[in-house]
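Participant: Questions regarding the structure given below will be posed in turn.
None of the figures in this text is laboratory data; all of them are computed from the coordinates on show. Since this is a predicted model, take the numbers as computed values, not measurements. Cβ: placed from backbone, ideal geometry, glycine included. Neighbour counts: every protein chain shown.
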């Protein structure tokens, strides 16, 4: 079983300025010009509270961001829970919806914008930090096109720093799903159980986001275990096993291409952050084939005949020899041609 790194989630409190009369007062003695005086310093405590779902920058800490996720509370406000995460590199930029490496461009503007959203001062407890995600070059292709976040599997979210991918595991009570309130994937408490959950025990499910991963369900009351096929293999749902990945195909342009002689297989060509070609193989579901004509997985009996993987029956052309009088009869009774003329 492949170990899944579990991310620490930090609970954030209501973001409001507080001045405690007793607990937060600290008596400080200091010397000024040889005279010792007493100065009462009031430490202000501030925290955050969510007012809507989404992913937001933290004004006082450019490397961190907050996720406000719908919970299961009875009241709309209390049902939103907030969690603090840290970018693997750079800082979180609200306008781009992801972690960027340039820590100066747009930073001041974001802080000013966030100050308008939150009320109070800005301070956090020193012991509230989240663990960093783990670098995964195998997922760099998901960060193509400036994607901020994506689902690496049902139990993992991919955090993109520019074009580099980092894996962070979802808590056991959540699954990674694409959500309209977030930029890309997010660990969310509601998901489709038939794809990322266990409806029954003793079954193996393919991971909808990662062709190399699969889920093992031991009980409908427990979260599934995440497994990965070894290098050079992918999970085949038709056999519930890992199968060898073809080695054919050379990438010279970006796109999706069929594998010669392997109708169920196709591969995607993309360039990574280093400008190198990345070839990602995929397998069509059971009983379907990849059609180079249609550019998708389709029933082989519905694939056009010009496609090598088509199993559509070709219509046989029949020819007849007819006399002049027979042709006249065929003109009035074309459906009777096989009875009127002689087939050759």
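Participant: Could you tell me whether region 120-273 comes out rounded, prolate or oblate from its Cα gyration tensor? Rule is a ≥ b ≥ c as square roots of the eigenvalues, rounded for a/c under 1.5, then prolate if a/b exceeds b/c, otherwise oblate.
Facilitator: Details: a/c = 2.39, a/b = 1.27, b/c = 1.89.
Taking the square roots of the gyration eigenvalues as a ≥ b ≥ c, region 120-273 is oblate.
Participant: Quick one: grab the alpha carbon gyration tensor of region 246-298, order the square roots of its eigenvalues as a ≥ b ≥ c, and give me rounded if a/c is under 1.5, else prolate or oblate depending on whether a/b is larger than b/c. Display every interim value, and only then the final one.
Facilitator: Values: a/c = 2.33, a/b = 2.12, b/c = 1.10.
Cα axes put region 246-298 in the prolate bin.
Participant: I need the peptides 163-172, 327-336, 275-284 ranked by packing, meaning the mean over residues of other C-beta atoms within 10 angstrom, with the highest value on top. Write out the running numbers ahead of the final one.
Facilitator: Values: 163-172: 20.7, 327-336: 11.2, 275-284: 15.6.
Ranked from most to least packed, the peptides come out as 163-172, 275-284, 327-336.
Participant: Given points 7 Å out from each Cα along the Cα-Cβ axis, report the residue 138 to residue 317 separation in nanometres with one decimal.
Facilitator: Each label point is offset 7 Å from its Cα along the Cβ direction, giving 5.2 nm.
Participant: Quick one: 312, 292, 175, fewest Cβ neighbours within 10 Å first, how do they rank?
Facilitator: Numbers: 312 13, 292 18, 175 27.
Going from sparsest to densest Cβ surroundings: 312, 292, 175.
Participant: Calculate, in nm to one decimal, what residue 260 and residue 218 gain on full extension: separation in residues at 0.36 nm each, minus their alpha carbon distance.
Facilitator: Details: separation 42, 0.36 × 42 = 15.12 nm, distance 3.81 nm.
That works out to 11.3 nm of additional length.
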